[in-house]
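Take a look at the structure below.
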Amino acid sequence: MRLAVTIVLLLGVAAFCDIPVFQDPVQINCAGEPITQIFGHLNPWMGDWNADGKPDLILGCFVGYANSEFANVALYENESDTDIPVFNTFEWMQGDGEYIAMEAG
Ligand SMILES: [Ca+2]
């Protein structure tokens, strides 16, 4: 009896849960090389930063190369005219002439 109740409960829970379905992972490259960082903790966001109609990659980095004591934000402008983004360069984002930075750690 206990087993039957457990099975019914599990089936009931499963009926109301949306199980996420993901596509296969895709490696993102810049100039043909994988976008990586030694310390990891990358925080990507896609948005049209320069308002050209193409989504750009904005990447929060745990430790930036612009200033190793702070986390920085890298901007990869999308150069593609198709639905598949192409990134060939990046720059550390700045505001008022200073690198955008947050304390890391
Ligand atoms: Ca854009």
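The numbers here are math on the coordinates, done by the rules we state, and not lab data. Please read all numbers here as calculations on a predicted model, not as lab measurements. All Cβ positions, even for glycine, are placed from backbone atoms using ideal geometry, and neighbour counts span all protein chains on display.
Here are a few things to note about the model shown:
- At R0 = 22 Å, FRET efficiency that the Cβ-Cβ distance of Gln94 and Asp52 yields, to 0.05: 0.70
- Convex hull volume of the range 25-103 per residue (C-alpha atoms, cubic angstrom): 100
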